[in-house]
Amino acid sequence: MTIEQMAEQLGVSKSTVSRALSGKGRIGKETRERVLALAGSEERKKKKVPEKTGNIAVVMPTDAYRTGGEYFHECLIGICEEASARDYDIMITDVTGNDYSGVDRLIRKNKIDGVILTRTMEHDRTIQNLAAMQFPVAVIGSVDNDFVIQVDVDNERASEDLTTYLISRGYRRFAIVLDYMEYAVNRNRYDGFCRALYQKGIPYEWSPLEFGITKYGIIQNLVRELMAKRIDCVVCGDDIICTSLLSAFLAEGYRIPRDIGIASLYNSSNLSCFSPAVTTVNVKTRRVGRMVCNQLLNALTGKEYQKKSYVDYELLVRKSTDRIDMEQENESL
């Protein structure tokens, strides 16, 4: 708004507006306050910051709906619990690969105050875009970006610990079965697995396997390949892979752990229902969800928060890798 427009709106002369803004010259107090109030209103309009929406977007990968795994479900429950306790609401959107459109639409329409990503990828374009915009973002996982709030499990160390334990039980011929390697969590798990073998001097020549877990024919072929290579223990990247693979082993008539041991790098309720129950890495995933939401909300409300946090894990040792039973069976024979 120009001085002329301000003068016309207030019903005073241009020189009166000029004196009020400059602070020079004699002018009545009431008139000065009217001019300054109008000027302040115009300045706020120019610098208007969107009002807080009270909403957070949670980005779910589309394959989470297809596989029906517990991980994303538990994360979401934890996020919702924390958000509700702090009077925030959750808006769920999904992402396929690096398709950023759903999140971008919510931001452009001023629907959300921040974003939580439930999975990270290598060279994640969504994270890169949000960081470039300086839009508040938190992830479950780890990324090489100091702007992003991160809550993670040390999956590399967990994989190393589980593999080291299996080696201590006498296993020597290993295979690891992972889903797509562009997921950061799978690369971390693979690195920990390989480090454990290297530290114990055990050669490993198999490459990580990528396969569609819904394609049963592929799993059947994988079972045959594992047994043909005389693998004595297979480490599964997560509970969904483990469930599919274990079902295929049992359907083919193989005995666990007599013919082959099996373990999972992520636990779910399914793995305790099999006979035998599966040795696994257990994480309190709901706590992960609560923590990542808590840190993001702290940042949004001006409270102290941590840029990088870790949630503990534990090894659950069960019958699927129990070589004592195998030794006792051999002695009885």
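The values are calculated or read from the model by the stated rules, or taken from the named source; none is laboratory data. All of these numbers come straight from a predicted model, not from anything done at the bench. Note that each Cβ is placed from the backbone with ideal geometry, even for glycine, and that neighbours are counted across all protein chains shown. Each accessible area value is taken on the protein alone, full model and side chains, heavy atoms only, with ligands, DNA and RNA left out. Shrake-Rupley method; radii C 1.70, N 1.55, O 1.52, S 1.80 Å.
For the residues Tyr171, Tyr180, the requirement of being buried (at least 22 other Cβ atoms within 10 Å of the Cβ) and either among the small types (Gly, Ala, Ser) or not in a helix (DSSP H, G or I) (or both) singles out Tyr171.
The set of residues from the stretch 251-266 being surrounded by 13 or more Cβ atoms within 10 Å (Cβ to Cβ) and among the hydrophobic types (A, V, I, L, M, F, W, C) comprises Ile256, Ile260, Ile262, Ala263, Leu265.
What is the residue count in the stretch 207-223 for residues that are modelled with pLDDT of 65 or more and surrounded by 12 or more Cβ atoms within 10 Å (Cβ to Cβ)? Selection size over the stretch 207-223: 6. Here Ala132 does not fit the description of being open to solvent by 60 Å² or more (accessible area, probe 1.4 Å) and closer than 16 Å to Arg286 by Cα.
Could you go through the stretch 234-250 and let me know if any residue there is at positive phi and not polar (S, T, N, Q). No: zero hits. Do you know which of the residues in the stretch 80-111 that are polar (S, T, N, Q), at pLDDT below 95 and open to solvent by 40 Å² or more (accessible area, probe 1.4 Å) is farthest from Gly302 (Cα to Cα)? If we take residues in the stretch 80-111 being polar (S, T, N, Q), at pLDDT below 95 and open to solvent by 40 Å² or more (accessible area, probe 1.4 Å), then Thr96 is farthest from Gly302 (Cα to Cα).
Scanning the stretch 119-172 for residues that are within 17 Å of the chain's Cα centre (by Cα), among the hydroxyl-bearing types (Ser, Thr, Tyr) and under 23 Å from Leu315 (Cα atoms) returns a single hit, Ser142.
Per this entry, Phe193 is not counted among residues that are open to solvent by 20 Å² or more (accessible area, probe 1.4 Å) and modelled with pLDDT of 90 or more.
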